[in-house]
Amino acid sequence: MLETLKTLDLTPFILSFKLAGLTTLILFVISLPLAWYLSQSKSKAKPFLEAITALPIVLPPSVLGFYILILFAKVDLAFSFTGLVIASCFYSLPFMVQPLQGGFEGLNKNMLEASYLSGKSKLTTLLKVALPNIKPALLTALIITFAHTVGEFGVVLMIGGSIPDETKVASIAIYEMVEIMDYGTAHIYSAIMVLISFVVLLSVYVFNHTQKKIGGFH
């Protein structure tokens, strides 16, 4: 076990964190206006947009990965890190949008109306009034999106394959270790993933409970 630790290749984890970080950043920029629109809209098209946004949650990763692969084959993005980032944005979209939308929908409507009446634009209201008041939902969206991207396997395998130092992320590395029956390395990789997942979820719950207590004092 000690020898395995000494020779352990951490590159898959570095790639996983790089992928998750970029995906989370891109999705935050894309999802913020989308979640705000969905939370405020009374359009008949809203259920349709919500269904489209949530589709990756119920759609098998192999199905989503297949259609993205077909699309990427035409633009030479398959089996590249850039392709992985774009595919991960598709697959992790609902994990960013839904917590943000829920946070916006839970805001006090009077606070928003007061902002509009004072002359603030919708953009200013979103950034300076709404967003600072949904910290638990914001943290949940960011962390869950990051963690979900780190742990993704199906879409990543179909779009990126397993190119060392390019697309071979942690989940793929674990799969390959099991395939060659290197259970020692697979155990270590898996244990690291379990630890990361637990710490991520724990941080979300601790922060949210802390915010609730602070809110209770007010």
Checking the structure you have, find out if any residue of region 194-203 is surrounded by 16 or more Cβ atoms within 10 Å (Cβ to Cβ), at pLDDT below 90 and of a type outside the set (S, T, Y). yes
Answer from F81, F66, F72 - the residue that is hydrophobic (A, V, I, L, M, F, W, C), at pLDDT below 90 and over 20 Å from A35 (Cα atoms): F72
Residues being under 14 Å from P94 (Cα atoms), out of contact with any Phe, Trp or Tyr (no Cβ under 7 Å at 6 or more places or on another chain) and not small (G, A, S): count how many of those fall in region 26-46. 9
Residue count, region 55-81 (criterion: surrounded by 15 or more Cβ atoms within 10 Å (Cβ to Cβ) and of a type in the set (G, A, S)): 3
Filter region 167-192 for residues that are among the aromatic types (F, W, Y) and touching a residue at least 12 places away in the same chain (Cβ under 8 Å); the one that is farthest from D9 (Cα to Cα) is Y175
Name the residues in region 122-169 that are in a helix (DSSP H, G or I) and polar (S, T, N, Q), would you? T124, T125, N133, T140, T145, T149
Counting only residues that are closer than 27 Å to L117 by Cα and modelled with pLDDT under 90, how many does region 129-160 have? 2
Quick check, is I26 β-branched (V, I, T), over 20 Å from L123 (Cα atoms) and either out of contact with any Leu (no Cβ under 8 Å at 6 or more places or on another chain) or modelled with pLDDT under 95 (or both)? no
Those residues of region 36-73 which are part of a helix (DSSP H, G or I) and closer than 20 Å to A147 by Cα amount to T53, A54, L55, P56, I57, V58, P61, S62, L64, G65
Looking at this structure, is F13 at pLDDT 90 or above, crowded, with 16+ Cβ neighbours inside 10 Å, in a helix (DSSP H, G or I) and touching a His at 6+ places or on another chain (Cβ under 7 Å)? no
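The values are calculated or read from the model by the stated rules, or taken from the named source; none is laboratory data. For clarity, every value in this text was computed on a predicted model and none was experimentally measured. A quick note on method: Cβ atoms are made from the backbone with ideal geometry, for glycine too, and the neighbour counts reach across all protein chains shown.
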